[in-house]
1. Taking D165 as the residue in question, decide whether it is under 20 Å from D35 (Cα atoms) and either under 17 Å from the mean Cα position of the chain (by Cα) or not charged (D, E, K, R) (or both).
2. Restricting attention to the stretch 73-94, and to residues there that are among the acidic types (D, E) and in a loop (DSSP other than H, G, I, E, B), which single residue is surrounded by the fewest Cβ atoms within 10 Å (Cβ to Cβ)?
3. What about A25, is it aliphatic (A, V, I, L, M) and modelled with pLDDT under 90?
4. Can you pull out every residue in the stretch 86-126 that is in contact (Cβ under 8 Å) with a residue 40 or more places away in the chain, of a type in the set (A, V, I, L, M, F, W, C) and out of contact with any Asp or Glu (no Cβ under 6 Å at 6 or more places or on another chain)?
5. Being surrounded by 24 or more Cβ atoms within 10 Å (Cβ to Cβ) and hydroxyl-bearing (S, T, Y) is the filter; apply it to the stretch 133-169 and report the residue that is farthest from L70 (Cα to Cα).
6. List every residue pair whose Cβ atoms sit under 7 Å apart, with the two residues 6 or more apart in sequence or on different chains, where the first one lies in the stretch 135-157 and is over 20 Å from G30 (Cβ atoms) and the second, anywhere, is charged (D, E, K, R) and buried (at least 23 other Cβ atoms within 10 Å of the Cβ).
Amino acid sequence: MVQRIRFHGRGGEGVKLASRIVSRAAFLAGRTVQDSPVYGAERRGAPVVAFVRYSDGPIHERGYIEQPDLAVVMDDSLLALPEAAVLDGIDAGRVVLINTAQALDTLRAAHPVPGLAVAVDISSIALAVLGRHLLSAPMAGATVKAAAVASWDLLAEAVRIELADAGLSAAVVARNLEATRAAFEQTPAVAWPPRPAPRAPAVSADFVVPPLPARVAAPSIAAVATSTRRSMDGWRVFRPVIDLGHCTRCFLCFALCPEGAIALDSENYPVVDYVHCKGCLVCVSECPTHTIHEVREESHGT
């Protein structure tokens, strides 16, 4: 029986690596596995999806997981984005694992989360142990525990292998293992029933999907000046805050912001447009006087 996990997160949070750790743990447990992220125009903060299938036998399906047995939500702010399609294909017989600092009752009051929901504050674990909002290993730990994919020993080995392959030092791997263990222990095991693959509709062998013109298939891409219409406010875990009292007006933050979200006022001091700031924090790292500080967004559980 094939079991299916769909990961939803944001660019920079470690969605792809989390799925790889889970699939590696399943592989070490002796299962057939399949792991595939969705690539496209991902940027830091943009919604990203990855998929894991594992089975005790062959896997005869490919592509997008329309109806996951387990949906992993690495950023609870994605629940408010209809285009992220986090809850698509979720019904009462499926499980949703959510990284959130909110109580489930509060979360359900704001979002119609169907199925069995499990809430674990993975972000706080990552920040406390790793010092950064890196969710891949601890989120994989929560997923493996919730879905009973593998034992802790096999999960730990999967973390070591995948993080070593990513070029991380032994010290960084050790801290990630600590965060993973904390997430693993704080997550309850969930009895989620395996589901058979949904049957594909019968299609004639000579059926061809007609191509669509760009203005119909992708109007937001074909149109001009669309970036100003899209708010990136919900993308951030941290926001840059400028201490204007110590700003030397060197213009580096203005020049290097990849989204053009920093403008100059009438006195040439930088001003952040938080509607279009995605929270990449390039300005923080490039400020020569360390005048720009990263501040945790309250919407992410502080």
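1. Here the answer is no, as D165 does not meet what is asked.
2. Quick first cut of the stretch 73-94, residues among the acidic types (D, E) only: 75-76, 83, 88, 91.
Now narrow it down to the ones that are in a loop (DSSP other than H, G, I, E, B): 75, 88, 91.
Numbers: D75: 29, D88: 15, D91: 10.
Per the criteria, the residue is D91.
3. On the way: aliphatic (A, V, I, L, M): yes; modelled with pLDDT under 90: no.
No.
4. Those that are in contact (Cβ under 8 Å) with a residue 40 or more places away in the chain, of a type in the set (A, V, I, L, M, F, W, C) and out of contact with any Asp or Glu (no Cβ under 6 Å at 6 or more places or on another chain): V86, V95, L97, L116, V118, V120, I122, I125, A126.
5. Only one residue fits best here, namely S136.
6. Pairs found: L135/E13.
Let's see how each residue does on (1) in the same structural domain as L97 (by TED's automatic domain parsing); (2) in contact with a Gly (Cβ under 9 Å, 6 or more places away or on another chain); (3) over 17 Å from S19 (Cα atoms); (4) at pLDDT 95 or above:
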| site | (1), (2), (3), (4) |
| --- | --- |
| L127 | yes, no, yes, no |
| L135 | yes, yes, no, no |
| V149 | yes, no, no, no |
| L154 | yes, no, no, yes |
| L168 | yes, no, yes, no |
| V172 | yes, no, yes, no |
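Residues are listed down the side, and each one gets a yes or a no for (1) in contact with a strand residue (DSSP E or B) (Cβ under 6 Å, 6 or more places away or on another chain); (2) within 20 Å of L135 (Cβ to Cβ); (3) not assigned by TED's automatic domain parsing to the domain that holds G234:
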position: H8; (1), (2), (3): yes, yes, yes
position: E13; (1), (2), (3): no, yes, yes
position: F27; (1), (2), (3): yes, no, yes
position: R31; (1), (2), (3): yes, no, yes
position: D69; (1), (2), (3): yes, no, yes
position: L78; (1), (2), (3): yes, yes, yes
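The values are calculated or read from the model by the stated rules, or taken from the named source; none is laboratory data. In this text the structure is predicted, and so the values were computed from the model without any measurement. Ideal geometry is used to build each Cβ from the backbone, glycine not excepted, and the neighbour counts take in all protein chains shown.
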